[in-house]
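All remarks here apply to the structure that follows.
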């Protein structure tokens, strides 16, 4: 089953129950904001946030769990990968701390944990441990208005279309995440435009890994090539120093 979340912006009351549940379920520490952090509420210790927008609209922001995740394609060591359930998860044991995933994500989601001696990247993992045990994510479980619900992706898309069809005067006729960047497992319907959730107002429907694949396939060769170049330079410099030392001895 490809699991997904559908968030209905028209139902969200901004209660922050989802934010609190996420922190508790994932054992996240109290956030210590940094002046360089983005002002969207997300951080290494906040994996979901509520953004207050025009006319008291509340919009939840979290990892979109792309069907073809750019973050995973950009990672040179496979620290990020998509699971069969649809969740894009992270393995800190493999992470190099290169932050390529942060640059690749079209939604600006992964965050660096600056409070750790060895910094890691942090983000929502769709409560992967819970959904593999037949449970739903903590955020959807506690929502008092069912503004955010969990289920199978195709079924949630059908539900979204049904709500739009029943109330065309309420909703914009669009499901955010159905097609953008190849589709995501976190979907939205709304009565206001949600393009601000992405870096660009038109991210397109083409999966981003198709764009980054050639560049990332070259990364291992670049590492090897750079290593060879540095070794060669080191050998040349040492050899010249040895020859200079011998010449100096002979002259004495």
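The values are calculated or read from the model by the stated rules, or taken from the named source; none is laboratory data. Please read these numbers as outputs of a predicted model, since none were measured by experiment. For neighbour counting, all protein chains shown are included, and Cβ atoms are generated from backbone atoms with ideal geometry for every residue, glycine included.
General remarks:
Listed here are the residues, each with its yes/no results for (1) assigned to a loop (DSSP other than H, G, I, E, B); (2) under 18 Å from residue 198 (Cβ atoms); (3) at pLDDT 95 or above; (4) outside the structural domain of residue 129 (by TED's automatic domain parsing).
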position	(1), (2), (3), (4)
10	no, no, yes, no
19	no, no, yes, no
24	no, no, yes, no
31	yes, no, no, no
37	yes, no, no, no
52	no, no, no, no
89	no, no, yes, no
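- Subset of the stretch 54-78 [in a strand (DSSP E or B) and closer than 23 Å to residue 96 by Cα]: 66
- For the stretch 184-207, the candidate set comprises residues that are over 13 Å from residue 54 (Cβ atoms) and touching a strand residue (DSSP E or B) at 6+ places or on another chain (Cβ under 6 Å); within that set, the residue that is surrounded by the most Cβ atoms within 10 Å (Cβ to Cβ) is 189.
- If you go through the stretch 119-142 and keep only what is assigned to a loop (DSSP other than H, G, I, E, B) and under 18 Å from residue 64 (Cα atoms), you end up with 123, 124, 125, 126, 127, 136, 137.
- So residue 42, is it in contact with a strand residue (DSSP E or B) (Cβ under 8 Å, 6 or more places away or on another chain), in the same structural domain as residue 129 (by TED's automatic domain parsing) and at pLDDT 95 or above: no
- Residues in the stretch 139-198 that are more than 21 Å from residue 84 (Cβ to Cβ), without any contact (Cβ under 8 Å) to a residue 60 or more places away in the chain and touching a helix residue (DSSP H, G or I) at 6+ places or on another chain (Cβ under 9 Å): 167, 172, 173, 174, 175, 176.
- Hey, residue 116 out of contact with any strand residue (DSSP E or B) (no Cβ under 8 Å at 6 or more places or on another chain), modelled with pLDDT of 95 or more and assigned to a loop (DSSP other than H, G, I, E, B) or not: no
- Given (1) modelled with pLDDT of 95 or more; (2) surrounded by 19 or more Cβ atoms within 10 Å (Cβ to Cβ); (3) out of contact with any helix residue (DSSP H, G or I) (no Cβ under 8 Å at 6 or more places or on another chain), number of the condition residue 15 does not satisfy: (2)
- Selection within the stretch 124-138: residues that are over 18 Å from the mean Cα position of the chain (by Cα) and free of Cβ contacts under 8 Å to residues at least 12 places away in the same chain. The member of this set that is farthest from residue 4 (Cα to Cα) is 133.
- The selection criterion, being in the same structural domain as residue 200 (by TED's automatic domain parsing) and under 14 Å from the mean Cα position of the chain (by Cα), does not hold for residue 154.
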